[in-house]
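The values are calculated or read from the model by the stated rules, or taken from the named source; none is laboratory data. Remember, it's a predicted structure, so these values are computed and weren't measured experimentally. For neighbour counting, all protein chains shown are included, and Cβ atoms are generated from backbone atoms with ideal geometry for every residue, glycine included.
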Amino acid sequence: MKKRIAILANHSGGLYDFRKDLISELKKHANVTVAVPHNDRWEELHKLVDEVIELPVDRRGMNPIHDSKLFRQYRAMLKEVKPDLVLTYTIKPNIYGGLACRMAHIPYAVNITGLGSAIENGGWLKKFVLALYKPALQGARGVFFENAGNRDTLAATGVVPQGRDVVLNGAGVNLEDSPCQSYPQEGTVRFLFVGRVMHEKGVDELFSAARRLKRAYGDGVEFHVVGSFEEGYKPLMDELEQTGVVKYHGYQSDMKHFYAMADCVVLPSYHEGMSNVLLEAAASGRPLITSDIPGCREAVEPSVSGYLCPARDADALYATMRRFAELPPAQRAAMGAASHDWIARNFDKKAVVAETVAALLLGATMDLLYVYDDKIACDRDGNYYTGSAFSQEIFDRYLAQFDTLTLLMRRAPVSPDDMQTLARMNRLTDARIRVVFYPDRRESLRAFLSLQRRREIRQIITRSITPERAVIIRVPSESGTIAARFCRRIGKPFLAEAVGCPWDSLTHHSLRGKVLAPDAWLRMRWCMRHAAYAVYVTNAFLQRRYPTRGISAAVSDVELAPADAAVLARRLEKIRTHSGKLILGTAAAVNVAFKGQRYVIEALARLKAAGRTDVEYRLAGGGDPTALRELAQRLGVAEQVVFAGSLPHDAVFSWLDGLDLYIQPSTVEAMPRALIEAMSRGLPCLASEVGAMPELLGDACIFAKKDVRGIVRLLDACTPERMAAMAECNFAAAQAFEKETLARKRTQFYAAFAAAAEGAGV
């Protein structure tokens, strides 16, 4: 039998306008009943949901008799409807609906769309509202906030249950309903205000600034106002219209025309939950000028897509609007484009809806939070791109067990318009994936040492760990360690994926690395020891160094297609008929010293000095090759070294097929993907002694790290007979990494974790 969800709100029009996408998604999981006053959009709301119950709500009054009546009405409605879950919006439905749900033992979640003037203004009224909020929120399954500032304000009072807060990017904005529009080309600068004309929207400051700007620029500026107004403002509005200061358009249901004609949207509010006006205006490609307050500042990338100014400051607002009016037209247009980009990246309604549904845990819906220090890029349309370490196929492993996937990672330094670079990366195509970015401490020494940056990272990570989310961390990583410690503190089981050894990585990196290595080693040991579930990419190496008390499995990150005997046959024929140059190669970033390509280049120089010039070294991998290129020139082997650059993953195998021998000269590794993929192509392989590579190849194909003489010795020993034997051995060993084999093992393990996480009430 399908579940039933009840939604309580204080305005039918607002519920339809801002939550219709969410309601449509909820209907896929349950029947939806709404209880709202009869206002705007009543007929549209009837068509959208299964049932509408008219239930009046006095939005502003504080009459205890009326409020007690509202509470009784909610109790009666719940008794009649018998919902499986209730979702509430705005203050009175949150408080009285929440209390009614709690008394009836019905699961419920509340959405704090804004704190309201009662809390914002302080005093006895704030204390009264908080006293009502506390019992209403304590029983909630989740408390949704539309900005972090509101969450922090309520969290500081102790009324929000620990670990149940979820910060959304407002209601989000439907990018299809609010498309980016061409920027105006006319000379007149048109400012637009959209919203109810009332004191708390900052209209007094706005009208003061408008008068002053009109005196300064005359017909060079225009001020347009859209929205209904409180009766007290009618005389003022009439006077402003008659004197030509503003053009008033009343309430409008369709804003596209007004956003299209505007050069800038201004909203100097005193308080907001998350301004939908700003989100829609920015999505339309319009710069913003708004108050530097929670619920407004999130919509602006300061000085890039608009400007922030202090609330309740008419002089500051005037100065900011004048600054905008004096910008060159091209700069104003560029700000509009940046405004759209900002919203597309951060406020896509699809992501907000997915996160809300995931947090509500409807049916079998489970969200996975995946934490790692990797970087993700984003284009102007909100599409995500990863580097070579991840692809959509890899993330599909997790989506096979979880309904949605939230990636907590750093932002890659790639311009949203640099489609050439983005095309070389892996695009994530599943709409169930969303990304939460945290700041990069590694971008500079100043950022690395910044205590404020550390606190910000810690706050973002800990706030992303909610009771409704399962958590997987990938280590070694700073973010993974922070997440693991927080999970441990709140008693939340987590899965840890061990993919490398920080001791090896750091001690062979630099002096700074040597200093940091012991701490990193201890942190990873702690993470693996306390993980409820642990996955290692090696069979023994990482397990020995970083043991776990939890349930563990050895499962490589590498997934290979089923073995094709024809691949080995072609390789053996190539070895048998080989003549000319011996082509060897390495697939790894060319600007990372510990990948060790320099030692192969030095080996080429030794071979050349001994009279052997029949060896060509091909390098595939991203990064700046300047250092290696200069080394090859200095050693006189530049003509023997070929840089292929970064390759898409689907091009790697054809590149490997062009080699005669693969070499992995790393000074630090765990279980290298590139080496396993080379083995699967029947390639003879040589590798350094580090990590799990001896497990893969055996001692006869292994040289000591940084051992140039050892590389030369093994290359000289590569006779056709020897290479054929290596090819057969490697091809057979690679079959242990076939996709189907690993998938079965991985599926069983991650399914067990998902079941345990759900049973623990993640």
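Table: residues versus (1) free of Cβ contacts under 8 Å to residues at least 24 places away in the same chain; (2) over 30 Å from ILE5 (Cβ atoms); (3) charged (D, E, K, R); (4) not assigned by TED's automatic domain parsing to the domain that holds LEU87.
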site	(1), (2), (3), (4)
THR290	no, yes, no, yes
ILE293	no, yes, no, yes
TYR307	yes, yes, no, yes
ALA316	yes, yes, no, yes
PHE324	no, yes, no, yes
TRP342	no, yes, no, yes
VAL352	no, no, no, yes
VAL371	no, yes, no, yes
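When you go through SER178, SER182 one by one, which is the residue that is closer than 19 Å to VAL277 by Cα, touching a residue at least 60 places away in the same chain (Cβ under 8 Å) and surrounded by fewer than 16 Cβ atoms within 10 Å (Cβ to Cβ)?
Within the list SER178, SER182, the selection yields SER182.
Which count do you get for residues in segment 26-76 that are small (Gly, Ala, Ser), assigned to a strand (DSSP E or B) and modelled with pLDDT of 90 or more?
1
Does VAL86 qualify as being surrounded by 24 or more Cβ atoms within 10 Å (Cβ to Cβ), assigned by TED's automatic domain parsing to the domain that holds TYR74 and of a type in the set (A, V, I, L, M)?
So VAL86 fits the description; yes.
Exactly one of these conditions fails for THR157: (1) among the β-branched types (Val, Ile, Thr); (2) in contact (Cβ under 8 Å) with a residue 24 or more places away in the chain; (3) outside the structural domain of ALA136 (by TED's automatic domain parsing). Give me its number.
All conditions are met except number (3).
Need pairs with beta-carbon distance below 7 Å; first residue within 23 Å of VAL537 (Cβ to Cβ) and within segment 721-747, second at pLDDT 90 or above and among the β-branched types (Val, Ile, Thr); sequence gap 6+ or separate chains.
Qualifying pairs under 7 Å: ALA734/ILE676; PHE737/ILE676.
If I filter segment 104-111 for residues that are loosely packed, with under 15 Cβ neighbours inside 10 Å, assigned by TED's automatic domain parsing to the domain that holds HIS11 and modelled with pLDDT of 85 or more, do I get at least one hit?
Taking every residue of segment 104-111 in turn, none turns out to be loosely packed, with under 15 Cβ neighbours inside 10 Å, assigned by TED's automatic domain parsing to the domain that holds HIS11 and modelled with pLDDT of 85 or more.
Does segment 287-306 contain any residue that is surrounded by fewer than 20 Cβ atoms within 10 Å (Cβ to Cβ) and in contact with a Lys or Arg (Cβ under 9 Å, 6 or more places away or on another chain)?
no
For segment 452-546, list the helices (runs of 4 or more DSSP H) that sit wholly inside it and hold at least 2 residues that are touching a strand residue (DSSP E or B) at 6+ places or on another chain (Cβ under 6 Å) and modelled with pLDDT under 85; which are they?
Correct list: empty, since no element meets the threshold.
Answer with yes or no whether GLU630 is free of Cβ contacts under 8 Å to residues at least 40 places away in the same chain, in the same structural domain as ARG713 (by TED's automatic domain parsing) and in a helix (DSSP H, G or I).
yes
Does segment 594-605 contain any residue that is surrounded by fewer than 16 Cβ atoms within 10 Å (Cβ to Cβ), in a helix (DSSP H, G or I) and among the basic types (Lys, Arg)?
Looking through segment 594-605, none of the residues is surrounded by fewer than 16 Cβ atoms within 10 Å (Cβ to Cβ), in a helix (DSSP H, G or I) and among the basic types (Lys, Arg).
Here are TYR546, TYR536: which of them is within 28 Å of ARG397 (Cβ to Cβ), aromatic (Phe, Trp, Tyr), over 27 Å from the mean Cα position of the chain (by Cα) and buried (at least 20 other Cβ atoms within 10 Å of the Cβ)?
Every option except TYR546 fails the conditions.
Across segment 412-438, what is the total count of residues that are assigned to a loop (DSSP other than H, G, I, E, B), touching a residue at least 40 places away in the same chain (Cβ under 8 Å) and either more than 21 Å from VAL371 (Cα to Cα) or assigned by TED's automatic domain parsing to the domain that holds ALA644 (or both)?
Going through segment 412-438 one residue at a time, the tally reaches 2.
Could you pull out the residue among PRO135, PRO161 that is surrounded by fewer than 21 Cβ atoms within 10 Å (Cβ to Cβ), at pLDDT 80 or above and either part of a loop (DSSP other than H, G, I, E, B) or in contact with a helix residue (DSSP H, G or I) (Cβ under 9 Å, 6 or more places away or on another chain) (or both)?
The match here is PRO135.
What are the residues in segment 647-663 that are under 16 Å from PRO684 (Cβ atoms) and charged (D, E, K, R), if any?
ASP657, ASP660
Would you point out the residue of segment 477-529, among those that are over 21 Å from the mean Cα position of the chain (by Cα) and aromatic (Phe, Trp, Tyr), that is nearest to ARG746 (Cα to Cα)?
By that ranking, first place goes to TRP526.
Can you name the residue in segment 249-267 that is under 31 Å from the mean Cα position of the chain (by Cα) and charged (D, E, K, R) and, of all such residues, is nearest to ALA337 (Cα to Cα)?
Per the criteria, the residue is ASP263.
Would you say ILE575 is outside the structural domain of ILE394 (by TED's automatic domain parsing) and in contact with a Lys or Arg (Cβ under 8 Å, 6 or more places away or on another chain)?
no
Filter segment 547-565 down to the residues that are in contact with a strand residue (DSSP E or B) (Cβ under 7 Å, 6 or more places away or on another chain) and part of a loop (DSSP other than H, G, I, E, B) and list them by number.
Once the filter is applied, which keeps residues that are in contact with a strand residue (DSSP E or B) (Cβ under 7 Å, 6 or more places away or on another chain) and part of a loop (DSSP other than H, G, I, E, B), segment 547-565 yields THR548, GLY550, VAL555, PRO562, ALA563.
Considering each residue of segment 77-93, count those that are assigned to a helix (DSSP H, G or I) and closer than 13 Å to VAL36 by Cα, and give that number.
Residues meeting the conditions: 3.
Please tell me if TYR270 is of a type in the set (Ser, Thr, Tyr), in contact with a Ser or Thr (Cβ under 8 Å, 6 or more places away or on another chain) and surrounded by 13 or more Cβ atoms within 10 Å (Cβ to Cβ).
yes
Show me the helices (runs of 4 or more DSSP H) found entirely inside segment 194-264 where at least 3 residues are under 21 Å from ALA316 (Cβ atoms), of a type in the set (Lys, Arg) and in the same structural domain as HIS340 (by TED's automatic domain parsing).
203-217
Would you be able to say whether some residue in segment 186-194 is under 36 Å from the mean Cα position of the chain (by Cα), among the basic types (Lys, Arg) and within 22 Å of ASP263 (Cα to Cα)?
Looking through segment 186-194, at least one residue is under 36 Å from the mean Cα position of the chain (by Cα), among the basic types (Lys, Arg) and within 22 Å of ASP263 (Cα to Cα).
I need the full set of residues from segment 726-751 which are under 14 Å from ILE394 (Cα atoms) and not charged (D, E, K, R), in order please.
Passing the criteria: LEU742, ALA743, THR747, TYR750.
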